[in-house]
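Encoded as structure tokens, the structure appears first; notes follow it.
The values are calculated or read from the model by the stated rules, or taken from the named source; none is laboratory data. Here the structure is a predicted model, which means the values were calculated and not measured. FYI the Cβ positions are ideal-geometry reconstructions off the backbone, even for glycines, and counts take in every protein chain you see. Accessible surface areas use protein heavy atoms only, side chains included; no ligands, DNA or RNA. Shrake-Rupley method; radii C 1.70, N 1.55, O 1.52, S 1.80 Å.
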Amino acid sequence: MSNIIIMPLLIPLFTAILLVFFQKQAAVQRWIGGISVLGNIAMSAYIVHQVYLEGILTLNLSGWLAPYGIVFVSDMFAALLVLTTNIVGAACLFFAYRTIGKEKEKYYFYPFFHFLLVGVIGSFLTGDIFNLFVCFEVMLISSYALIVLGGTKRQLRESIKYILINIFSSALFVASVAYLYGTVGTLNLAHLSERVAEAGQGGMLTIISVLFLIVFGLKAGLLLFFWLPGSYSVPATAVTALFGGLLTKVGVYAIVRLFTLVFYHDQGITHVLIGGLAAVTMILGVIGAVAYKDVNRILIYNIIAGIGFIVFGVAIANTSALEGTIFYLIHDMVVKALLFLLGGTLIAVAGTEQLREMGGLIKRYPLLGWLFFVAAMALVGVPPLSGFIGKLLIVRGGLEDGWYWISGIGLASSLLMLYSMMKIFMSAFWGEEKSGVQPKVSVKGLLAPSVCLTVLVIFLGVGAEWVYPYVSMAAEVLAEPQQYIQAVLKE
Amino acid sequence: MEIMMSIATGVLFMVGTYLILSRSLLRIILGTSLITHGVHLLLLTMSRLKTGAAPLLGQEAAAYTDPLPQALILTSIVINFGVTSFFFVLAYRAYQELGTDNMEELRGGDDE
Amino acid sequence: MNNGDVILQTSTKIILFIIITFSAYLFFAGHHNPGGGFIGGLMSASALVLLALAFDLKTVRKVIPVNYRVLTALGLLLAVLTGVGSFVFDVPFLSHTFGYFDLPLLGKTELATAVLFDLGVYLAVVGVTMTIILSIGEDT
């Protein structure tokens, strides 16, 4: 029993509730929210350290023992993701202080923001599928509110589609849970893993696992990403950055968790399928990124390509690839949020989303330009920045196990990602300034969160030596489900 | 009984799918609601239909029901209730703002 | 929205209290029997909706000047705080306890901390339901 692991979930929950009482006083909301996210970063960093020292921490809520009660599990993978979530959340929150505007602050922007964090962190920490569903819904409902906040025509139109697709996928989620429960009679992840291993993963369970893959694929944007570009392009920048950094990654986390812990017996079918989906996602993602000519769209299609790459690591499923997946997942959360924050700032200073109407911004906004350059390099995986190590590990794992084709596709897609990012960089920052440019906008406060994230991105790359033991420990648990089962069921 | 439940689930899914595929936003929302209800019935059926006493309050009954699916269904109903009502409000606002509830007209390009 | 239906208004005045009493019964019954904060909350909310139907929203607002959003937050806060109490006593989060006390009038009574949690649920459910219904109803 360690109550501490539920703290990262309780802090934002408590904050969100508290903020409702201060609806009118935006300044109070900002202070409480700011202190809360910073405190939560410290708390989750402490938990990472604690997990590093003591191994997997579990908490049986109100003392009901594991397969029967609600259990929260913090292994290294979950702890690292919670820490990253808090850092990304803090950056987006501080960015929102400068950009979100009074109107949205009054309509409970900050409470929903913190509820979203509750959902995301809860999804990472929960130890059973039931609560995974609940936390998913907490996250989704807050995201519905955040996406429509502001109520412009375009937002209303896109959010209808977003909500529709998510309600449908949630229904599918519960249906898959029903089949799973009917087949093995438990929903606790550790218990599931044990029972599936005992019963053998026959045809029925494989089909159920594919159903889950479809559900989480819908949420993560793995192949089924048709809803994503439209809905992510409508909300405010801080919200898009948060969505881009966190929401799809929760779906990816669920895929990683299920297919390393529970459904890992029939890799010939499930993992090959995942690999195929990942390859198609990467290809389609980069095609979108290369084709579009507005900043937001390019970044959004880069999310999709990134998802493909992370999930490819799950398909390979050897230790090296899993380490790569974890590393790349953390990197991707940070760098995507960073890119969206920078992209949003870019759009704000240029006054347009269209690349052909931008140009020569580097003269007036050198810091923005170079931050964007560093972020783009990190995204693509140029050493020594953070994307490099993740990509290296995944591709190495792929080559070890004979996934030559998809590894090749991954590398080629990285190249095209580089092209799409350089397209933004060259047409927005280089060249002549376009006529009718906006008056200079002060970007000082806007760039502070981005600078912090950039430092983190550089640290993740240069300081990989210090990060690696943690990642390696996380991958070890993923590679050997027995550790997780023993920690939860205490046999 | 299982067969009846399966048929009911199937009918709910069928009607829900039909409604979701229609153009009117109102019908689509009702469709999502029906599909979710279908899923709840499915969950109830999949976890075996049996009668018994409520669990945890003593050990004298001959049979106990499984509380987990019921808890899950209750949670899901609550969530569905919240989401559906949110969706209704949103649809109403969208209707006021955009002047239509026809999904064909809500398609919209990227540029505005 | 006021349709001024005398029969509805008159019967509402009586039925309202029956519903509220029944919701209180459901709320307390929930500890051992079917019932609980959720269903009790829904029942109370339905009483308020009936009131709004019989009279109109303005009257309801005047009679019961409650900000339902704050009520929701209050309920959630209460529910979370009962959980947080477990940090103080160093037991797993959300642990609950109960005991028997001799109370005046009631005699030997079972008091459980779970009731506090349920009260939070009750308030949150009333708050959420009324927020939803008012935000749809206000606009017409």
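For a label point 7 Å from the Cα of A:Ala348 along Cα→C-beta, name the residues of segment A:50-91 whose backbone N is under 20 Å from it. So the set is A:87-91. What is the list of residues in segment A:401-427 whose amide nitrogen lies under 11 Å from a point 7 angstrom out from the Cα of A:Ile458, following Cα to Cβ? Within reach of a label on A:Ile458, which here means backbone N under 11 Å from a point 7 Å along Cα→Cβ, segment A:401-427 contributes nothing. The listed residues A:Lys293, A:Lys391 rank as A:Lys293, A:Lys391 when sorted by accessible area, largest first, using a 1.4 Å probe.
A:Lys24 contributes an accessible area of around 150 Å² to the protein surface, as traced by a 1.4 Å probe with all chains present. Peptide C:95-103 has a mean of 1 when you count, residue by residue, the C-beta atoms of other protein chains within 10 Å of its C-beta. Between A:His49 and C:Ile15, the FRET efficiency from the beta-carbon distance, with R0 = 45 Å, is close to 0.15.
The mean count of C-beta atoms from other chains within 10 Å of the C-beta of residues in B:84-92, rounded to a whole number, is 5.
Inter-label distance, C:Asp5 to A:Glu432: 7.3 nm, where each label sits 7 Å from its Cα along the C-beta direction. Close amide H pairs (under 5 Å, H built 1.01 Å from N) link C:Thr97 with C:Thr113, C:Ala114, residues at least 5 positions away or on another chain.
Name the shape class, rounded, prolate or oblate, that the alpha-carbon gyration tensor gives for segment C:6-137, where a ≥ b ≥ c are the square roots of its eigenvalues, rounded holds for a/c under 1.5, and otherwise prolate holds if a/b is larger than b/c and oblate otherwise.
Details: a/c = 2.97, a/b = 1.65, b/c = 1.80.
Here segment C:6-137 falls in the oblate category.
Assuming R0 = 22 Å, can you tell me the calculated FRET efficiency for the pair C:Val49 and C:Leu81, based on Cβ-Cβ distance, to the nearest 0.05? After rounding to 0.05, the efficiency reads 0.15.
Against the longest alpha carbon principal axis of chain B, how many degrees, from 0 to 90 and to the nearest 10, is the axis of helix B:67-98 turned? The angle comes out near 10 degrees. Note on B:Lys50: accessible area approximately 110 square angstrom, rounded to 10, probe 1.4 Å, nucleic acids and ligands left out.
Is there a quick way to get the dipole size of chain A? I mean about its Cα centre, with the Cβ of Lys and Arg at +1 and of Asp and Glu at -1; what is the value in debye to the nearest 20?
With Lys and Arg at +1 and Asp and Glu at -1, about 1960 debye.
Ranked from the most accessible area to the least, with a 1.4 Å probe and all protein chains present, what is the order of A:Glu432, B:Glu104?
Largest accessible area first, the residues go A:Glu432, B:Glu104.
Tell me whether chain B comes out rounded, prolate or oblate; compute the Cα gyration tensor, take square roots of the eigenvalues as a ≥ b ≥ c, and use a/c under 1.5 as the rounded threshold. Because a/c hits 1.5 or more and a/b exceeds b/c, chain B counts as prolate. If you wrap the tightest convex hull around every Cα atom of the protein assembly as shown and split its volume per residue, you get 174 Å³. Straight Cα distances below 29 angstrom link A:Lys444 to the lysines A:Lys24, A:Lys102, A:Lys104, A:Lys106, A:Lys293, A:Lys336, A:Lys363, A:Lys423, A:Lys434, with same-chain residues fewer than 8 positions distant left out.
In this structure C:Asp5 has an accessible area near 70 Å², from a 1.4 Å probe over the protein heavy atoms.
Spin-label pair C:Phe89-A:Ala197: with each label point 7 Å from Cα along the Cα-Cβ axis, the two points sit 3.6 nm from one another.
Label reach from A:Val382 (point 7 Å along Cα→C-beta): in segment A:397-425, amide nitrogens under 14 Å belong to A:415-425. Look at the stretch A:60-69: the mean tally of other chain Cβ atoms within 10 Å of its residues' Cβ atoms is 4. Projected label points at C:Ile64 and C:Tyr100, each 7 Å from Cα along the beta carbon direction, are separated by 3.7 nanometres.
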